[in-house]
1. Would you pick out the residues in the stretch 155-181 that are among the β-branched types (Val, Ile, Thr) and either under 17 Å from Asp126 (Cα atoms) or touching a Pro at 6+ places or on another chain (Cβ under 9 Å) (or both)?
2. When the residues of the stretch 100-127 are filtered to those that are in contact with an Asp or Glu (Cβ under 8 Å, 6 or more places away or on another chain) and on the phi < 0 side of the Ramachandran plot, which remaining residue is modelled with the highest pLDDT?
3. Residues of the stretch 169-210 being crowded, with 17+ Cβ neighbours inside 10 Å and farther than 18 Å from Tyr143 by Cα, which ones?
4. In the stretch 219-233, is there at least one residue being touching an Asp or Glu at 6+ places or on another chain (Cβ under 9 Å) and in contact (Cβ under 8 Å) with a residue 24 or more places away in the chain?
5. Restricting attention to the stretch 195-223, report how many residues are of a type in the set (A, V, I, L, M, F, W, C) and over 18 Å from the mean Cα position of the chain (by Cα).
6. Specify which of the listed residues (Ser187, Ser161, Ser142, Ser167) is within 19 Å of the chain's Cα centre (by Cα) and not aliphatic (A, V, I, L, M).
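The values are calculated or read from the model by the stated rules, or taken from the named source; none is laboratory data. No experiment lies behind these values; they were computed from the predicted model shown. Cβ coordinates were reconstructed from backbone atoms using ideal geometry, including for glycine residues, and neighbour counts include every protein chain displayed.
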Amino acid sequence: MKKSFKIGVVVVLLLLLVGCTSQFLLNENNYQIIEPTAIINSSSSSQDVKLVQQKLKNWGYYKGKVDGIYGSQTKSAVRLFQKRNGLKVDGIVGNKTLAAMGISPSKLQGGSGSSTSGTNGYSSSDVALLARLIHAEARGESYTGQVAVGAVVLNRVKSSSFPNTISGVIYQPYAFTCVNDGQINLSPNSTAFSAARDAMNGWDPSYGALYYYNPKVATSSWIYTRPTIITIGRHVFAA
């Protein structure tokens with residue numbers, strides 16, 4: 001009886017192992033996003049995958065076709081995005097990766113694709129002003145770093161401690177160096193406009209920061225008292 005019981009246990013364990021392996025292979029062969037928290041799972045529509053691909057393509061991480069197939073090229077792009085944004089590098093589009101991409105669950109499950117063309121109700125003048133601020137403050141930084149600067153402005157708009165408009169935040173006295181030295185009036189390039197739109201669509205690489213500074217040139221001792229959230233390029237982003 002004991003021998004038969006042991007054999008039975010082994011058989012059950014093998015069946016469970018085969019079942020798990022089969023599920024993994026099914027997901028890999030179907031090129032679906034595996035999401036432990038079920039925001040995106042093996043039944044996700046191709047539109048959800050396209051949304052991720054389009055975001056990554058707009059930001060220069062993905063070079064392939066926006067075809068809704070979560071293959072090796074898409075996975076590599078996700079891993080690179082995660083690495084550059086201080087996320088767990090696993091190639092899985094999970095909660096934190098979705099948040100860093102500015103994708104909310106409401107945009108998933110058969111959504112209409114990329115949301116980067118809209119600006120969540122902001123006016124064209126808001127887009128242009130934010131692009132000017134980004135260009136003046138962060139040209140020369142990585143694309144992620146430029147989006148993060150734009151996100152700081154928007155985080156201030158949402159905060160009760162700052163003006164509630166983009167222009168109010170940007171032109172608040174002594175808030176941004178570029179306003180004081182006139183660089184805010186420089187003509188922004190297309191990259192700055194794209195970064196402004198991505199920030200307005202919810203991508204926040206700063207993870208909620210209200211401040212940023214370059215430690216090589218910052219002269220305010222107060223700014224160093226703010227809790228650091230993340231460093232992107234030459235900028236430290238702080239709460």
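1. Val157, Thr165, Ile166, Val169, Ile170, Val179, listed by residue number.
2. Only one residue tops the list, namely Ala100.
3. Those that are crowded, with 17+ Cβ neighbours inside 10 Å and farther than 18 Å from Tyr143 by Cα: Val169, Ile170, Ala175, Phe176, Cys178, Val179, Ile184, Leu210.
4. Yes, because at least one residue in the stretch 219-233 is touching an Asp or Glu at 6+ places or on another chain (Cβ under 9 Å) and in contact (Cβ under 8 Å) with a residue 24 or more places away in the chain.
5. Qualifying residue count for the region: 4.
6. Of the residues listed, the single one that is within 19 Å of the chain's Cα centre (by Cα) and not aliphatic (A, V, I, L, M) is Ser142.
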